[in-house]
Amino acid sequence: MFKSRYHIFLSLLAVTLISGEILDRGWWNHTVFYQIYPRSFMDSDDDGVGDLKGITNKLEHFVTSGVGAIWLSPINRSPMVDFGYDISDFKDVDKIFGTMTDFENLLTRAKALGLRIILDLVPNHTSDEHYWFKESINRTGKYEHYYIWADGKGKLPPNNWLSVFGGSAWEYNSIRNQWYLHQFHKKQPDLNYTNPEVQEEMKETILYWLRKGVDGFRVDAVPHLFETNYTLDEPTSGIEDDYEYDSLNHIFTTDQPETYNLVLSWRKILDEYAYQHNTSEKVMLIEAYATLENTIKYYNYGSIPFNFYFITNATDASDASVFKDIIESWMKAIPKGSIANWVMGNHDRNRTASRFPGMADQMTMLAMILPGVAVTYYGEEIGMVDKTDITWEETQDPLACNAGREKYQSRSRDPVRTPFQWHFQRNAGFSNANKTWLPIHENYTITNLIVEQYQNESHYKVYRALTTLRNTSDALKFGSLSVDVINNNILYILRKTSEEAVTLLINFSKDKQGKVDLTRVLTGFKNGVIKVASVGSKLRQNQTVELNNISIPPKVSIVFQAYPSSKAPAEYVASLQTIILALSFLIITLYK
Ligand code: NOJ
Ligand code: MG
């Protein structure tokens, strides 16, 4: 059939060009993801708000810190009512953050440094200033059904549904003479996902950013995507607390079954794009505060649901067994072969170092030693804490503003969003503005990157030692996982291959010295060496750990590495292999 070799060559070339390949499948396994809240990371133009150029200027920080991927909270054009989570143009960058060129430069620089960039995708709602919404108000053409509109009951809203941000989830619009649904702020109308045109718009948005070269998305508020029975009330939950939203059981506004197929349709777009353009696989991280069962389901639809259980199910009063349960229930629930993940904090929740006073390092150790993806919220690497004294006048967060002067503090997310503390000079090195958008935490003279880089022991040193170990240890990459509680107080986590063991021990007791004998679980292993110890532990890196007699002070945690007695550590094996190879060459040459 083929007349010549030339034709065969051409045919093969054509086949190769047509059939693409998705590269680096599952690259995110073992990767540290770092969440940047762009307003608060680095301000390059001194207007008091962080921006894209600021981030680009600081990208080396991630290389030094052992971070592999960066998730940017929204950078799209937005009236900033919910600081970017209210988007008025999905395909543009807000000028407060810079220009599209600034974003392209950020991507180029990040790629050159080997860093992956993922964006926040906010599909559930737009800003009420988006032109889709304006057209929808006027019932213009296809936009008429882009949002969820319903008739009221006389002068009252269609039903009792509540907004996550407080008050009714419905807002009356006098032009259209109907009510629109907003599960969050009234300036964030919910899109109507039962409308295929809306689904199409979001696909276009995803493709737009894929073409720019992003490595994937963190998807916002996924359980809220679909709603059903617009006229029916949601039943009461029986929960009585200060937070009105909890008083209803959200059976019509969250976790609707259609959600999962929509997520799967996005996976298809990501895969098709990667396949057609021979790029790395694209990652999709899902924000879903849901039951364990409903959360885990997302794994079966081509995405990774964030594991928020260290945030929602543990407090500083929790003992070691609570942590063991959190870890085991996640590991047991996730589908076989899927990649676990561990989130300690984000822009909506109190900072880790504030939730677990004196135990910030312990939490970082957990995230880094457990298998899969570790997620770091900006500032966690230096142990930043919540700024709890932000006044009502300084308050920015819409959730806090909606709660009112009396209650704002219990709801405000501002304390966890203050500027990153780079050094001990003006505005912590974040900006030269006279006023930053949120005040800087007054502890910045001590808690900051530069000081912590030079201190003998610091949260940052702990963070770096952990990422270094993570990037070099096979036990952490491929090893098995065992979790246990010793003497009620000590959480024990072991990652092991036949060549190496990495153990994390956390003493949860606030006053009792912990004694541990690990000779039985580490049979055949030699004494270990401390790789990381929590700040203030008085334990040193490289100090020997005698397996039969490990002593851990209260609230202290250590990570140590051990090798089997019969086997030498990997680097010795490697050098031995090199020597044997060199000798064989010598012998062959001589023999010739
Ligand atoms: C979840 C985001 O994390 C939060 O910051 C935002 O306010 C809501 N979704 C609404 O987009
Ligand atoms: Mg919705």
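The values are calculated or read from the model by the stated rules, or taken from the named source; none is laboratory data. Here the structure is a predicted model, which means the values were calculated and not measured. Positions of Cβ are backbone-derived with ideal geometry, glycine not excepted, and every protein chain shown enters the neighbour counts.
Taken over region 194-226, the criterion of being touching a helix residue (DSSP H, G or I) at 6+ places or on another chain (Cβ under 6 Å) and either within 13 Å of TRP266 (Cα to Cα) or within 16 Å of ligand 1 (Cβ to nearest atom) (or both) is satisfied by LYS203, ILE206, LEU210, LEU225, PHE226. It is to be established whether one or more residues within region 286-298 are within 16 Å of ligand 2 (Cβ to nearest atom) and at positive phi. No, the conditions are met nowhere in region 286-298. Against the test of being more than 27 Å from the chain's Cα centre (by Cα), away from ligand 2 (no atom under 12 Å from the Cβ), closer than 22 Å to TYR85 by Cβ and assigned to a helix (DSSP H, G or I), the options TYR245, TYR143, TYR208 yield a single qualifying residue, TYR143.
Sort through THR259, THR254 and tell me the only one that's part of a helix (DSSP H, G or I), buried (at least 22 other Cβ atoms within 10 Å of the Cβ) and within 16 Å of ligand 1 (Cβ to nearest atom). So the residue among THR259, THR254 that is part of a helix (DSSP H, G or I), buried (at least 22 other Cβ atoms within 10 Å of the Cβ) and within 16 Å of ligand 1 (Cβ to nearest atom) is THR259.
A quick yes/no check of all residues on (1) at pLDDT below 95; (2) charged (D, E, K, R); (3) surrounded by 15 or more Cβ atoms within 10 Å (Cβ to Cβ):
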position: HIS7; (1), (2), (3): yes, no, no
position: LEU10; (1), (2), (3): yes, no, no
position: TRP28; (1), (2), (3): no, no, yes
position: TYR37; (1), (2), (3): no, no, yes
position: ASP47; (1), (2), (3): no, yes, yes
position: SER78; (1), (2), (3): no, no, yes
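Looking at region 407-428, which of its residues are part of a helix (DSSP H, G or I), under 25 Å from the mean Cα position of the chain (by Cα) and within 21 Å of GLU60 (Cβ to Cβ)? The one that is part of a helix (DSSP H, G or I), under 25 Å from the mean Cα position of the chain (by Cα) and within 21 Å of GLU60 (Cβ to Cβ): ALA428. When region 182-205 is limited to residues that are of a type in the set (S, T, N, Q) and assigned to a loop (DSSP other than H, G, I, E, B), the one that is nearest to ligand 2 (Cβ to nearest atom) turns out to be GLN183. When region 166-180 is filtered for residues that are at pLDDT 95 or above and within 28 Å of the chain's Cα centre (by Cα), only ALA169 remains.
Test SER136 against the criterion of being outside any loop (DSSP other than H, G, I, E, B) and more than 30 Å from ARG464 (Cα to Cα), and give yes or no. Yes.
Scanning region 16-31 turns up no residue that is within 16 Å of ligand 1 (Cβ to nearest atom) and in contact with a Ser or Thr (Cβ under 8 Å, 6 or more places away or on another chain). For the structure I just gave you, tell me whether PHE33 is modelled with pLDDT of 95 or more, in a helix (DSSP H, G or I) and closer than 29 Å to VAL222 by Cα. Answer is no for this residue. Among residues of region 265-302 being part of a loop (DSSP other than H, G, I, E, B) and within 16 Å of ligand 1 (Cβ to nearest atom), the one that is surrounded by the most Cβ atoms within 10 Å (Cβ to Cβ) is ALA288.
Let's see how each residue does on (1) under 30 Å from ALA317 (Cβ atoms); (2) in contact (Cβ under 8 Å) with a residue 40 or more places away in the chain:
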| site | (1), (2) |
| --- | --- |
| GLU500 | no, yes |
| ILE506 | yes, yes |
| LYS512 | yes, yes |
| ASP517 | yes, no |
| VAL521 | yes, no |
| GLY524 | no, yes |
| VAL529 | no, no |
| ARG540 | no, no |
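Scanning region 357-406 for residues being assigned to a loop (DSSP other than H, G, I, E, B) and either over 20 Å from ARG464 (Cβ atoms) or not hydrophobic (A, V, I, L, M, F, W, C) (or both) gives a total of 19.
For region 386-445, taking the residues that are among the β-branched types (Val, Ile, Thr) and over 16 Å from MET42 (Cα atoms), the one that is nearest to ligand 1 (Cβ to nearest atom) is identified as THR395. Pairs are defined by a Cβ separation below 9 Å, a sequence spacing of at least 6 or placement on different chains, a first member in region 218-232 that is in contact (Cβ under 8 Å) with a residue 12 or more places away in the chain and more than 13 Å from ligand 2 (Cβ to nearest atom), and a second member that is β-branched (Val, Ile, Thr) and not in a loop (DSSP other than H, G, I, E, B); the pairs so defined are ARG218/ILE118; ARG218/VAL283; ARG218/ILE286. Against the criterion of being within 16 Å of ligand 2 (Cβ to nearest atom), of a type outside the set (Val, Ile, Thr) and within 30 Å of THR64 (Cα to Cα), LEU121 qualifies.
Being in a helix (DSSP H, G or I) and acidic (Asp, Glu) is a property that ASP348 lacks. Of all residues in region 107-140, those that are within 16 Å of ligand 1 (Cβ to nearest atom) and either over 34 Å from the mean Cα position of the chain (by Cα) or modelled with pLDDT under 95 (or both) total 0.
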